[in-house]
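Working notes, beginning with the structure itself.
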Amino acid sequence: TSEIDVEDLIAEEDVVITLTHNNYIKRMPLDTYRRQNRGGKGIKGMGTKETDFVENLLITTTHHTILFFTNRGRVYHLKAYEIAEASRTAKGTAIINLLQLEKDEKITAVIQVKGFNPDAYLFMATKKGIVKKTSLVEFKNLHKGGLNAINLDDDDELIGVKFTDGERDMILGTKWGMAIVFAEDDVRAMGRAARGVKGISLNDGDEVIGMDTLSPNAEVLTVTAEGYGKRTETSEYRTQNRGGKGLINLKVTEKTGDVIGLRVVHPDQELMLITTEGIVIRTNISDISVISRNTQGVKLMATAENDTVASMAVMDQKN
């Protein structure tokens with residue numbers, strides 16, 4: 001008898017997958033979120049406890065494989081349709097019911113994969129500025145119990161993972177507003193067990209909060225904890241050697257708060273911001289001012305007194 005592939009029975013549809021600080025995960029139809037204008041208050045994103053908020057948000061389809069990378073440098077996988085659908089206000093499923101996470105292990109990057117292309121790489125960055133590039137094929141046969149993706153120093157954590165083709169420029173951004181751009185081929189491909197090499201030299205107390213691949217005709221979007229943000233032309237970031245101090249990306253002040261996210265964006269995309277209280281706002285990237293590097297940005301979101309922006313997601317607009 002021929003086996004029926006489960007995937008063939010499941011309609012391929014656009015979905016939002018959210019993962020909270022306390023590791024609750026759920027899947028929702030994309031149109032759950034309505035668009036709002038910049039600077040608005042947002043809608044309540046989910047009925048979470050005071051102590052919980054959305055940390056990872058992914059726009060994907062039900063058929064993609066989702067790779068979950070953790071702060072401990074491990075990687076796990078699920079198909080998007082294996083994540084239970086829930087309403088906007090529902091808590092979701094504890095991720096530990098789906099993945100065999102170790103104690104104190106938190107998911108820090110979520111990547112969707114359609115197929116395991118031998119010419120593709122995953123590029124990783126850590127809080128302490130270490131970077132690493134590994135061929136995507138090395139992640140093809142994952143165990144349910146997860147695998148090591150990078151070998152971390154004791155005081156370090158994996159903060160971001162991106163797809164690359166081996167020929168891109170990479171940008172790293174720090175919470176105190178520094179950024180460095182270097183050619184990806186400054187970093188040779190290494191196996192899963194390797195530690196990686198220095199991507200940026202950090203000032204004491206500073207840490208890397210974001211990493212992305214630069215693309216032509218794109219801008220760098222930077223967002224801060226107090227809801228400030230801006231787009232800056234990629235031409236303002238000259239390519240440097242890996243491991244340097246970088247350039248000033250955003251002028252961090254008490255008013256702006258620390259930088260919480262950095263992404264390379266195009267004007268036809270949308271931005272979703274999520275606060276620690278679970279408020280979600282969705283706005284067009286084209287509405288965000290394009291201003292130079294060493295500035296503090298403009299107010300993107302009105303946050304309540306004790307609320308701050310916790311995370312951001314960028315997505316392509318749906319027609």
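The values are calculated or read from the model by the stated rules, or taken from the named source; none is laboratory data. Being a predicted model, the structure only gives us computed values, none of them experimental. Please note: Cβ atoms are built from the backbone with ideal geometry, for glycine as well, and neighbour counts cover all protein chains shown.
Overview of values
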| read-out | value |
| --- | --- |
| Search result, residues across the range 121-156 that are crowded, with 16+ Cβ neighbours inside 10 Å and among the β-branched types (Val, Ile, Thr) | Thr126, Ile130, Val131, Thr134, Ile150 |
| Residue in the range 214-231 that is within 15 Å of Thr174 (Cβ to Cβ), among the acidic types (Asp, Glu) and crowded, with 17+ Cβ neighbours inside 10 Å present | no |
| Residue under evaluation Leu122, criteria (1) over 22 Å from Ile17 (Cβ atoms); (2) in contact with a helix residue (DSSP H, G or I) (Cβ under 7 Å, 6 or more places away or on another chain); (3) not polar (S, T, N, Q), criterion not met | (1) |
| Only listed residue being buried (at least 20 other Cβ atoms within 10 Å of the Cβ), outside any loop (DSSP other than H, G, I, E, B) and either within 17 Å of the chain's Cα centre (by Cα) or modelled with pLDDT of 85 or more (or both), chosen from Ile59, Ile25 | Ile25 |
| Residue within the range 163-177 that is of a type outside the set (Ser, Thr, Tyr) and under 17 Å from Leu67 (Cα atoms) present | yes |
| Every pair of residues 6+ apart whose Cβ atoms lie under 6 Å, when the first sits in the range 192-209 and is over 19 Å from Asn151 (Cβ atoms) while the second is in a loop (DSSP other than H, G, I, E, B) and among the aromatic types (Phe, Trp, Tyr) | Asp206/Trp176 |
| Any hit, the range 149-169, residues being closer than 19 Å to Leu19 by Cβ, part of a strand (DSSP E or B), modelled with pLDDT of 90 or more and not hydrophobic (A, V, I, L, M, F, W, C) | yes |
| Single condition Lys133 does not satisfy, out of (1) touching a Phe, Trp or Tyr at 6+ places or on another chain (Cβ under 7 Å); (2) at pLDDT below 95; (3) farther than 27 Å from Gly297 by Cβ | (2) |
| Count - residues of the range 79-98 that are hydrophobic (A, V, I, L, M, F, W, C) and surrounded by 20 or more Cβ atoms within 10 Å (Cβ to Cβ) | 3 |
| Selection status of Arg231, charged (D, E, K, R), assigned to a strand (DSSP E or B) and at pLDDT 95 or above | yes |
| Count - residues of the range 75-111 that are assigned to a strand (DSSP E or B) and without any contact (Cβ under 8 Å) to a residue 12 or more places away in the chain | 0 |
| Scope the range 197-211; condition surrounded by fewer than 23 Cβ atoms within 10 Å (Cβ to Cβ) and either not charged (D, E, K, R) or not in a loop (DSSP other than H, G, I, E, B) (or both); matching residues | Val197, Lys198, Ser201, Leu202, Asn203, Gly205, Ile209 |
| Complete set of residues in the range 157-174 that are closer than 20 Å to Gln240 by Cα and either crowded, with 22+ Cβ neighbours inside 10 Å or acidic (Asp, Glu) (or both) | Asp165, Glu167, Asp169, Met170, Ile171, Leu172, Gly173, Thr174 |
| Selection status of Glu50, surrounded by 19 or more Cβ atoms within 10 Å (Cβ to Cβ), modelled with pLDDT under 85 and of a type in the set (D, E, K, R) | no |
| Condition check for Leu221: over 20 Å from Leu300 (Cβ atoms), among the aliphatic types (A, V, I, L, M) and either touching a residue at least 60 places away in the same chain (Cβ under 8 Å) or not in a strand (DSSP E or B) (or both) | no |
| Flag if Ser215 is over 21 Å from Ile111 (Cα atoms) and among the small types (Gly, Ala, Ser) | no |
| Per-region count, the range 265-281, residues in contact (Cβ under 8 Å) with a residue 60 or more places away in the chain and buried (at least 20 other Cβ atoms within 10 Å of the Cβ) | 10 |
| Top-ranked residue of the range 282-300 - restricted to ones that are among the hydroxyl-bearing types (Ser, Thr, Tyr) and surrounded by fewer than 21 Cβ atoms within 10 Å (Cβ to Cβ), ranked as farthest from Lys230 (Cα to Cα) | Ser286 |
